[in-house]
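Okay, structure first, notes after.
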Amino acid sequence: MAAATLTLSSKNYSSWSLRGWLMARFAGLDFSEEMVEQDDPGARAELLLLAPSVRVPRLTHGAISVWDTLAIGEYLNELKPKAGLLPADPAARAHCRSICGEMHSGFSALRAALPMNLKARFPKFTVWSRAQGDIERVTEIWRDCLQRYGGPYLFGTGRTLADAMYAPVATRFLTYDVPLDAACAAYCATIMAMPEMQPWIDAARLEPDDIEELEVEF
């Protein structure tokens, strides 16, 4: 199989990098990492929600280059169909694609008010009303999936693209001390306990440079 490289930006701040990385790990793809420098203007624009499109992460696989996290997920599903990145049942598969698409295109208030920051903790953080609406929709999605498919992941016992897409939200809820019901708190704990998460978090803690704009408690 052709060599694969996943281009990433910050492991502390980049939710899209985490999503793409988890998808590749869930798929069992052997890949190397290429980190974009944090002072790269394009990378900073994406992290600060100023870029018109998100081109990190990018998966390079032989002569194929795939960017945009949803496109990476679909490519990996075609490449590794036995990995279970999408549910086998057609109805569940359509549901999985729908909530992945909702995360991909929505929740702008949550992204702006609660940027991903794995090294930080903000106890009793005050959440803006618009961001609270996004939080309520995310937790509604989680409760519905967990009840419908039985957990511990969103579509049952196996990890799917949906868990990769919502994993950065779980980290945000912990960073900003967001109150959660028992089912959603348990799902956050399940995500954070995944074996893939610890090496990512360890690497995030070693990043030397903070992005000041994402360190403001507002």
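State yes or no: is M103 within 22 Å of W21 (Cα to Cα) and outside any loop (DSSP other than H, G, I, E, B)? Explain how you work it out, then say what you get.
Numbers: within 22 Å of W21 (Cα to Cα): yes; outside any loop (DSSP other than H, G, I, E, B): yes.
Yes: the conditions hold for M103.
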Mind checking whether some residue in the range 130-147 is out of contact with any Leu (no Cβ under 8 Å at 6 or more places or on another chain), without any contact (Cβ under 8 Å) to a residue 12 or more places away in the chain and surrounded by 12 or more Cβ atoms within 10 Å (Cβ to Cβ)?
yes
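Determine which member of the set L174, L180 is touching a Phe, Trp or Tyr at 6+ places or on another chain (Cβ under 8 Å), within 21 Å of A120 (Cβ to Cβ) and of a type outside the set (K, R).
Details: L174 fails: touching a Phe, Trp or Tyr at 6+ places or on another chain (Cβ under 8 Å).
Exactly one residue qualifies, and that residue is L180.
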Here are I191, I141: which of them is β-branched (V, I, T) and within 22 Å of P57 (Cα to Cα)?
I191
Among the numbered criteria (1) among the polar types (S, T, N, Q); (2) under 18 Å from A193 (Cα atoms); (3) surrounded by fewer than 15 Cβ atoms within 10 Å (Cβ to Cβ), which one does T126 miss?
(2)
What is the number of the single condition among (1) surrounded by fewer than 21 Cβ atoms within 10 Å (Cβ to Cβ); (2) not in a loop (DSSP other than H, G, I, E, B) that M194 does not meet?
(2)
Among what's in the range 156-175 and is among the hydroxyl-bearing types (S, T, Y) and open to solvent by less than 10 Å² (accessible area, probe 1.4 Å), pick the residue that is farthest from the chain's Cα centre (by Cα).
T175
Residues of the range 1-10 being part of a loop (DSSP other than H, G, I, E, B), open to solvent by 20 Å² or more (accessible area, probe 1.4 Å) and either at pLDDT 90 or above or not aliphatic (A, V, I, L, M) (or both), in sequence order, are A3
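Quick test for you: out of R97, R121, pick the one residue that is open to solvent by 10 Å² or more (accessible area, probe 1.4 Å) and assigned to a loop (DSSP other than H, G, I, E, B). Before the answer, list the steps.
Details: R97 fails: assigned to a loop (DSSP other than H, G, I, E, B).
Criteria check complete, one pass: R121.
Out of A112, A63, A164, A88, I need the residue that is more than 28 Å from D202 (Cα to Cα) and touching a residue at least 60 places away in the same chain (Cβ under 8 Å). Which one? Lay out the reasoning, then the answer.
Working: A112 fails: more than 28 Å from D202 (Cα to Cα); A164 fails: more than 28 Å from D202 (Cα to Cα); A88 fails: touching a residue at least 60 places away in the same chain (Cβ under 8 Å).
Step by step, each of A112, A63, A164, A88 is checked, and only A63 is more than 28 Å from D202 (Cα to Cα) and touching a residue at least 60 places away in the same chain (Cβ under 8 Å).
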Are any residues in the range 189-218 under 16 Å from Y166 (Cα atoms) and either among the aromatic types (F, W, Y) or modelled with pLDDT under 75 (or both), and if so, which ones?
W200
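The values are calculated or read from the model by the stated rules, or taken from the named source; none is laboratory data. The shown structure was predicted, so the numbers you read here are calculated from the model rather than taken from an experiment. Glycine also receives a Cβ, built like all others from the backbone with ideal geometry; neighbour counts cover every protein chain displayed. Surface areas here come from the heavy atoms of the whole protein model, side chains and all, with no ligands, DNA or RNA. Shrake-Rupley method; radii C 1.70, N 1.55, O 1.52, S 1.80 Å.
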